[in-house]
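No value in this document is a laboratory result; all are computed from the given coordinates. Source: prediction; values computed, not measured. Because the Cβ atoms are built from the backbone with ideal geometry, glycine has one as well, and the counts that use them run over all protein chains shown.
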Amino acid sequence: MAVLFKRYKSKLLFYAILSILLTLLSISTPATRLIYPFIAALIVTVLFVILVIFVVIRRLKWDNISKHILYFLGVIILSGVFHILIIRYQIKETEKSGDKLVIALNNFYEKNKRYPNNIHDLAPEFIDKIPKSKMGLQVEDFYYTHDQNKTFELSFDVDDFIQHYKLSNGNQWYSND
């Protein structure tokens with residue numbers, strides 16, 4: 001095993017770094033508001049061209065080229081799986097934080113017979129600290145709106161196109177996707 005690792009160390013390192021970079025892109029996507037599929041497709045295309053140039057320069061046989069292409073596709077699939085798992089985890093954690101805000105909003109309503117004008121009015125009496133969205137690398141405030149103090153909507157962005165929201169009369173989070 002040590003001989004195999006020593007022999008393929010540079011290739012393993014290349015694919016490991018590639019996988020880490022694509023995964024980091026997927027983690028940062030919601031925070032930086034990048035459109036993941038387009039950016040990822042561009043990066044994958046550029047890296048694929050670099051790989052082909054690398055293979056042509058080294059004049060490898062077709063068997064070795066096909067191995068590299070398969071490794072490369074494996075890295076892309078692996079980073080895509082990591083992307084999905086990370087985003088799902090971030091959504092669940094953000095929904096849990098949002099549920100704490102919903103409880104505080106309902107407690108505020110019970111006491112004042114209206115919803116607050118701003119979610120920051122809840123602290124420190126109804127909630128110790130106003131939770132934030134946990135999507136991406138940066139944290140953002142939840143979006144909060146209310147209608148004549150009868151209902152409210154609490155939401156957060158998953159990415160540029162998808163938003164999760166919870167209504168005052170609902171028990172679950174919804175998505176506009």
Summed over the other residues with a beta carbon less than 13 angstrom from that of residue 92, with K and R at +1 and D and E at -1, the charge totals 0
When 159, 99, 147 are arranged by how many other beta-carbons sit within 10 Å of their Cβ, fewest first, they go 147, 99, 159
The set of residues whose placed amide H lies less than 5 Å from the amide H of residue 168, leaving out same-chain residues fewer than 5 positions away, is 152
Residue 110 and residue 70 label points (each 7 Å along its Cα→Cβ direction) are spaced in nm at 6.2
Among GluC sites (Glu not before Pro) in the stretch 108-142, those in a DSSP loop whose Cβ has at most 16 other Cβ atoms within 10 Å are 125
Taking every other residue with Cβ under 12 Å from the Cβ of residue 169 and scoring Lys and Arg +1, Asp and Glu -1, one gets 0
